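Values quoted throughout were computed directly from the atomic coordinates according to the rules given, and no laboratory measurement underlies them. Just so it is clear, the model here is predicted, and its values are computed rather than measured. Don't worry about glycine lacking a Cβ; one is built from the backbone with ideal geometry, like all the others, and counts go over all protein chains shown.
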Amino acid sequence: MTRTVVVGAGQLGPVRREDSRDSVVERLIVLVEEGASQGCQLVVFPELALTSFFPRWAIEDPRELDAWFETEMPGPATKALFDVAAERGVGFCLGYAELTPDGHRYNSQILVERDGSVVGIFRKVHLPGHEEIEPWRPFQHLERRYFEPGPDGFGVWRSFGGVVGMMICNDRRWPETYRVMGLQGAELILCGYNTPRHYPPDPSQDPLQGFHNALVMQSGAYQNGTWVVGVAKGGTEEGVEMLAESCIIAPSGQIVAAAATAGDELVVASCDLDRCAHYKETLFDFERYRMIEHYGLITSRRGAIAPDPPEETS
Ligand code: CDT
């Protein structure tokens, strides 16, 4: 029996600051419907999919900040998405800002099965950007001010006939993200992202954004023998050009489907989870080949410390 999951990467074009949740959910439902008609079992949406990417703004009023967060899932605006997806037998993965009943704020992603049941919630671990407002920037990136790092790390869930993991945006740039899930047998990793094409601290990276996006996800897929689904916001959102370039990557590291536009678009691929074993049982047979006795620094040291330079001799 083959274990094939037909996955749709539900890329979104820009979401304006004034757009209502209802109007965005309507767009998500269009993508779910399209996914259903193309045989998708799972549609994956971007990070913070329900709103504009609000960490670009300095928000000082706590009530104004609260308005960007969801306090329940499904909530009043997202219930229609849950209902339509379950009716059509399509699972989905949705990024949103989560405010928990005990007041924690996370950048989260929920995975929902084809029958509408919640599989799990992942909370973003690697929060990029800055804590304090930096007026020199053309736009802010205040994720470190508005969110706490996810306390649960990188879990995986048995769902969709395989082992599914999640990560959010900046998490995809760190090899540890994939490896921790790889060590739990991940076969399909779902990632929503919001990546501006302009990186104010080092604009020399701007023309490389697409290259780096593909580089990290293709490497993570190959080195762990897993499918990776990267789903973007694209287009110019509130004056900031967003990367788009959603794609689906096979365990070989090859991109098998990619977005052709920067707008709302469903990118579909048939993901045979049994292809993971080719890599997991050969070149990347972890049990046989990993040399964990040499990896201690990975978890014991955070920043790089180079050896002392040689003493100057006169
Ligand atoms: N949303 C998010 O994590 N974006 C970052 C942008 C670069 S850091 C300011 C990313 O890694 O794509």
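General remarks:
- Between Pro138, Pro201, Pro149, the GNM of the chain built on Cα springs shorter than 10 angstrom shows Pro201 fluctuating the most.
- Residues with amide H under 5 Å from that of Gly253, placed H, sequence gap 5 or more: Tyr222
- In terms of other Cβ atoms within 10 Å, Met242, Met167, Met1 run from fewest to most in the order Met1, Met242, Met167.
- In the elastic network of the chain, a GNM with C-alpha springs shorter than 10 Å, the most mobile of Gly150, Gly116, Gly161 is Gly161.
- Placing pseudo-labels 7 Å out from each Cα toward the beta carbon at Val119 and Tyr295 gives an inter-label distance of 2.4 nm.
- In plain terms, the chain from Asp285 to Thr313 could stretch by 5.2 nm, reckoned as 0.36 nm per residue minus the Cα-Cα distance.
- Between Glu33 and Thr2, residue separation times 0.36 nm minus the direct Cα-Cα distance comes to 8.7 nm.
- The range 245-250 - phi-based ³J(HN,Hα) in whole Hz, Karplus 6.51/-1.76/1.60, Gly and Pro as x: 6, 4, 7, 10, 10, 7
- Put a dot 7 Å past the Cα of Ile133, heading toward its Cβ, do the same for Asp202, and the two dots end up 2.8 nm apart.
- 21 Å tail of the calculated P(r), the range 122-237, as % of Cα pairs: 41
- Amide H within-cut-off set for Gly162, under 5 Å, with H built and near neighbours excluded: none
- Ratio Rg/Rh, restricted to the range 158-202 and using Cα atoms, in which Rh is the Kirkwood radius: 1.11
- Couplings 3J(HN,Hα) of the range 35-46, computed from phi: x, 4, 6, 9, x, 5, 8, 8, 10, 10, 10, x Hz, in residue order, whole Hz [Karplus 6.51 cos²θ - 1.76 cosθ + 1.60, θ = phi - 60°; x for Gly and Pro].
- Couplings for the range 222-233, taken from phi via the Karplus curve 6.51 cos²θ - 1.76 cosθ + 1.60 with θ = phi - 60°, read 4, 6, 10, x, 9, 6, 10, 10, x, 10, 10, 9 Hz in order; Gly and Pro are left as x.
- As an equivalent ellipsoid, the range 99-177 spans semi-axes of 28, 15, 10 angstrom, where each value is the square root of five times an eigenvalue of the C-alpha gyration tensor, largest first.
- Computed FRET value (nearest 0.05) for Val256 with Phe211, which takes r as the C-beta separation and R₀ as 25 Å: 0.85
- Gap separating the Cα centres of the range 129-199 and the range 1-74, nearest whole Å: 16
- Near the amide H of Met242, within less than 5 Å, lie the amide hydrogens of Arg197, Gly235, Thr236, Glu237, all on another chain or at least 5 residues away, with H placed in the peptide plane.
- Volume per residue of the convex hull around the Cα atoms, evaluated for the range 4-300, comes out as 131 Å³.
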